[in-house]
Amino acid sequence: MKWLGLLLLIPLLLMAAIYGLREPAPEVYHADFTGSEVCGDCHWINYAAWEISPHHNIARLPAQNTMLGNFDQGSYHLPQQSADDLPVARMYRRGDDFFMALRDPGQTSFTEFRIAKVLGFQYRQTYLTQEHGGVLRRLPIQWSIPRQAYFAYWNEQEQSPQSVTDLWAQMEPLNSAWNLYCARCHTTNLQEISKDRAHTVAEVEWTELGVGCEVCHGPGKQHVEYMQDQPINRLASWLDQRLFDKTAPYIINAGKQQQGFALSVCARCHGADIFRSRQSLYRNYQPGYDEHGNLNDLSPYFTEAPLQPGRTTPTIEVWPDGRPKGLGTLFRSFADSSHYQQTDMRCYTCHDPHNNKKPASTGLLRPTEQSNAFCLGCHQDLAEDVKAHTRHESGQPGGFCYDCHMPKNILNQVSGVNHFVRSHNMGSIPNPLLSQKMGTEHSPNACQDCHQDQDSQWAIDHLRDWGLDGHLIDTDLHLQRDAHSDTIHQ
């Protein structure tokens, strides 16, 4: 017994020594940015996943392996032109440099723009040119990945007529100055040193191109200095995390924080449906603490702006039945759901936080047995007989939770090929009676999304045959349109 007591005492003495020798690390802190590369020295697994992620590669320098558009004497013609007409834009390279030349209005001559930065690679690719005043100006012609062709993105987004004059006009608005407008969501720690009101002059700095580690984890310089070449500090931190479920010093770990604060880093860029008065707050947001020692939290504003039924503003459209429609409202569809409001579910519950295009676990981002099992982990009353709930064969379309409760009704127009992606409400229940009343073009339902050869009456009849009349509610707005109306009806 004496030796057993001694064996137990030794680790306690070691722990006491480690905690006695460690440097104190206050929970509330302020730090500077240091860049993602140093993170890979310790966190090599997460760093490797992040290196190949869309977040990291969203903004890059032009190079042979980053330029996806046709710069081998490429060109763009207006829709009303024939292939034999003089194009309105030419794309080419000289040596290691890439260029887009726009035709001058009313002329046959072209003005050349050297490409300084390139954005995107999954859906479309946008090209920026550096102006004398320091502005990185967005060029009007972009490359569609699915089409494998150039297209005038903003004209197609807004369904406006195309002309040479209009293409030049697209380089005049304030929001065409990329490093003064959009860059905050495509860089890490963007700092505006100076600018003019017209957005023709810009002096800006950033820690790195792309969405780096510190965009989500907060400025990390103090964390690096505390851990680097400090084995006692590292051991104490490891013990804190393993024994007391604490976060590492001088860094933000979203998993150890409250849900709303943790999702603020996602909402900052993906939660576009906000009041204009909140834009500055969102644009300047960084995870960490304010001057009063409070965590910077955007969650009070997630659902603040009303969803106006029938809104047609590009990217934040709303279905006439009140549900989110535009891609800019995808995060809103989650924040406005009972799954967010009543549980601790978070974006990275399903999405790998370090490689954001990958699932957090196998099969979670599509209709599979694994995603069903995930849902049934909470909805255990349905697990014994899933077919009795779905009225569809297990493993077949209609037999997955995704099919009915995450229908594809969010409009994605970013690639030049319009298509619908899944709502993140996760509790949407089909109401074909509302579709019959308003038309599926104004109120789609999951039944007819799949059975496109059938009408709303067919879906209504099936629900009645199955004894699911409780879902057929005569209303003017969808019951799962937002958090205040989000109900589960029988």
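The values are calculated or read from the model by the stated rules, or taken from the named source; none is laboratory data. These numbers come from a predicted model, not from an experiment. Don't worry about glycine lacking a Cβ; one is built from the backbone with ideal geometry, like all the others, and counts go over all protein chains shown.
Just wondering, is there one or more residues in region 245-267 that are in a helix (DSSP H, G or I), more than 23 Å from residue 17 (Cα to Cα) and among the hydroxyl-bearing types (Ser, Thr, Tyr)?
yes
Which ones in region 351-371 are surrounded by 16 or more Cβ atoms within 10 Å (Cβ to Cβ), outside any loop (DSSP other than H, G, I, E, B) and free of Cβ contacts under 8 Å to residues at least 24 places away in the same chain?
Matches in region 351-371: 351, 359.
Would you confirm whether any residue within region 461-469 is modelled with pLDDT under 95, surrounded by 15 or more Cβ atoms within 10 Å (Cβ to Cβ), out of contact with any Leu (no Cβ under 9 Å at 6 or more places or on another chain) and more than 24 Å from residue 332 (Cα to Cα)?
Yes, the conditions are met somewhere in region 461-469.
Among 32, 85, 72, which is of a type outside the set (Val, Ile, Thr), assigned to a loop (DSSP other than H, G, I, E, B) and within 30 Å of residue 222 (Cβ to Cβ)?
Answer to the check: 32.
Residue by residue, here is whether (1) in contact (Cβ under 8 Å) with a residue 60 or more places away in the chain; (2) crowded, with 19+ Cβ neighbours inside 10 Å; (3) farther than 19 Å from residue 375 by Cβ holds:
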residue: 406; (1), (2), (3): no, yes, no
residue: 412; (1), (2), (3): yes, no, yes
residue: 417; (1), (2), (3): yes, no, yes
residue: 435; (1), (2), (3): no, yes, yes
residue: 442; (1), (2), (3): yes, no, yes
residue: 445; (1), (2), (3): no, yes, yes
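Kindly indicate which of 397, 359 is more than 22 Å from the chain's Cα centre (by Cα) and not acidic (Asp, Glu).
That would be 397, the only listed residue that is more than 22 Å from the chain's Cα centre (by Cα) and not acidic (Asp, Glu).
Considering only strands (runs of 3 or more DSSP E) fully contained in region 98-209, which possess at least 3 residues that are in contact with a helix residue (DSSP H, G or I) (Cβ under 8 Å, 6 or more places away or on another chain)?
124-130, 136-138
Checking residue 441 against (1) assigned to a loop (DSSP other than H, G, I, E, B); (2) modelled with pLDDT under 95, which single condition isn't satisfied?
Unmet condition: (2).
Just give me the residues in region 417-459 being β-branched (Val, Ile, Thr) and touching a Pro at 6+ places or on another chain (Cβ under 6 Å), in sequence order.
417
Which members of region 137-155 meet the condition of being crowded, with 18+ Cβ neighbours inside 10 Å and small (Gly, Ala, Ser)?
Within region 137-155, 144, 152 meet the criteria.
What number of residues within region 376-411 satisfy the criterion of being in a loop (DSSP other than H, G, I, E, B) and basic (Lys, Arg)?
The total comes to 1.
Take residue 339 and tell me if it is under 13 Å from the mean Cα position of the chain (by Cα) and surrounded by fewer than 23 Cβ atoms within 10 Å (Cβ to Cβ).
So residue 339 does not fit the description; no.
Inspect region 225-237 for any residue being part of a helix (DSSP H, G or I) and among the aromatic types (Phe, Trp, Tyr) and give the result as yes or no. Before you say what the answer is, go through the steps one by one.
Pass one, region 225-237, residues part of a helix (DSSP H, G or I): 225-227, 231-237.
Narrowing further to those that are among the aromatic types (Phe, Trp, Tyr): 226.
Yes: one or more hits.
Starting from residues that are aliphatic (A, V, I, L, M) and in contact with a strand residue (DSSP E or B) (Cβ under 7 Å, 6 or more places away or on another chain), keep the ones in region 292-309 and report whichever is farthest from residue 270 (Cα to Cα).
295
Take region 121-136 and flag every residue that is buried (at least 19 other Cβ atoms within 10 Å of the Cβ) and either of a type in the set (Ser, Thr, Tyr) or within 19 Å of residue 111 (Cβ to Cβ) (or both).
Of everything in region 121-136, those that are buried (at least 19 other Cβ atoms within 10 Å of the Cβ) and either of a type in the set (Ser, Thr, Tyr) or within 19 Å of residue 111 (Cβ to Cβ) (or both) turn out to be 126, 127, 128, 129, 135, 136.
For the subset of region 419-430 comprising residues that are of a type outside the set (A, V, I, L, M, F, W, C) and assigned to a loop (DSSP other than H, G, I, E, B), which member is surrounded by the fewest Cβ atoms within 10 Å (Cβ to Cβ)?
Going residue by residue through region 419-430, those that are of a type outside the set (A, V, I, L, M, F, W, C) are 419, 422-425, 427-428, 430.
Filter once more, so that each one left must be assigned to a loop (DSSP other than H, G, I, E, B): 423-425, 427-428, 430.
On the way: 423: 24, 424: 23, 425: 30, 427: 16, 428: 24, 430: 24.
The selected residue is 427.
So, in region 47-96, of the ones that are among the β-branched types (Val, Ile, Thr) and under 29 Å from the mean Cα position of the chain (by Cα), which residue ends up surrounded by the fewest Cβ atoms within 10 Å (Cβ to Cβ)?
Across region 47-96, the extreme among qualifying residues is 52.
Of all residues in region 287-309 being assigned to a loop (DSSP other than H, G, I, E, B), surrounded by 13 or more Cβ atoms within 10 Å (Cβ to Cβ) and touching a residue at least 40 places away in the same chain (Cβ under 8 Å), which is nearest to the chain's Cα centre (by Cα)?
Result: 302.
For the structure I just gave you, tell me whether residue 27 is outside any strand (DSSP E or B), free of Cβ contacts under 8 Å to residues at least 12 places away in the same chain and not assigned by TED's automatic domain parsing to the domain that holds residue 151.
yes
For residue 456, indicate whether it is crowded, with 21+ Cβ neighbours inside 10 Å, over 30 Å from the mean Cα position of the chain (by Cα) and modelled with pLDDT of 95 or more.
On the way: crowded, with 21+ Cβ neighbours inside 10 Å: yes; over 30 Å from the mean Cα position of the chain (by Cα): yes; modelled with pLDDT of 95 or more: yes.
It is true that residue 456 is crowded, with 21+ Cβ neighbours inside 10 Å, over 30 Å from the mean Cα position of the chain (by Cα) and modelled with pLDDT of 95 or more.
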